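Working notes, structure below.
What follows draws every value from the coordinates through simple rules; no lab data is involved. All of these numbers come straight from a predicted model, not from anything done at the bench. Positions of Cβ are generated from backbone atoms using ideal geometry, with glycine treated the same way; all protein chains shown enter the neighbour counts.
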């Protein structure tokens with residue numbers, strides 16, 4: 001009998017960026033946090049495959065969806081970017097406003113012993129992380145899937161670093177998003 005993991009297969013993940021708000025019920029968020037400065041506000045949620053970040057300024061809203069399974073349809077209205085997250089990917093998106101988003105992702109697939117060591121290091125970091133969530137493991141002999149998010153908030157920028165582990169694939173998805181606002 002096969003045991004279904006809470007995480008999707010790491011090879012089926014995608015990154016999407018929207019120039020609008022997305023309905024929160026489209027994502028199975030397990031925890032979220034808010035942060036803000038006088039020029040922007042953000043809500044970041046950890047989901048089963050990765051995370052969702054809603055970034056709002058006086059001129060509009062962006063929604064980043066990182067780690068969403070490509071098999072699950074999301075609306076295309078307002079979608080500015082959509083690509084599969086593979087071994088490594090970078091993108092810079094210039095949006096009216098003027099807002100720039102720099103996104104990079106990397107999937108590290110390693111052998112089981114190395115994954116166990118990486119996971120132990122991430123578990124230690126999770127206790128001091130800005131936000132972290134440990135999912136229930138589908139297999140008792142594998143580590144629990146873990147998501148960690150660190151942020152650096154400045155008056156005209158937000159940097160989001162995320163780590164999501166995929167024990168069934170012995171993989172770690174690392175993403176970094178930098179939102180920059182010019183002249184707001």
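Based on the Kirkwood radius over alpha-carbon pairs, what value in µm²/s does the Stokes-Einstein equation return for the translational diffusion coefficient of region 1-105 at 37 °C and 0.692 mPa s? Walk me through the intermediate numbers first.
Details: Rh = 14.5 Å.
So the translational diffusion coefficient is about 226 µm²/s.
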**OP:** Compute the semi-axes of the equivalent ellipsoid of the chain, taking the square root of 5 times each eigenvalue of the Cα gyration tensor, and list them largest first in whole Å.
**Re:** 28, 17, 14
Original post:
Tell me, what does the Kirkwood hydrodynamic radius of region 106-184 come to in angstroms if you use every pair of distinct C-alpha atoms?
Top reply: 13.6
Subject >> FRET efficiency for residue 159 and residue 120, using Cβ-Cβ distance with R0 set to 25 Å, rounded to 0.05 >> reply: 0.45
Subject >> Translational diffusion coefficient (Stokes-Einstein; Kirkwood radius from C-alpha pairs) of region 145-184 at 4 °C, 1.567 mPa s, in µm²/s >> reply: 113
Subject >> Additional length obtainable on full extension of the chain from residue 25 to residue 90, 0.36 nm per residue less Cα span >> reply: 20.6 nm
**OP:** With a Förster radius of 22 Å, plug the Cβ-Cβ distance of residue 58 and residue 80 into 1/(1 + (r/R0)^6) and report the FRET value to the nearest 0.05.
**Re:** 0.70
Original post:
Between region 48-102 and region 140-184, how many Å separate their Cα centres?
Top reply: 13
Subject >> region 72-112: relative contact order as a whole-number percent, Cα under 8 Å and 6+ apart >> reply: 35
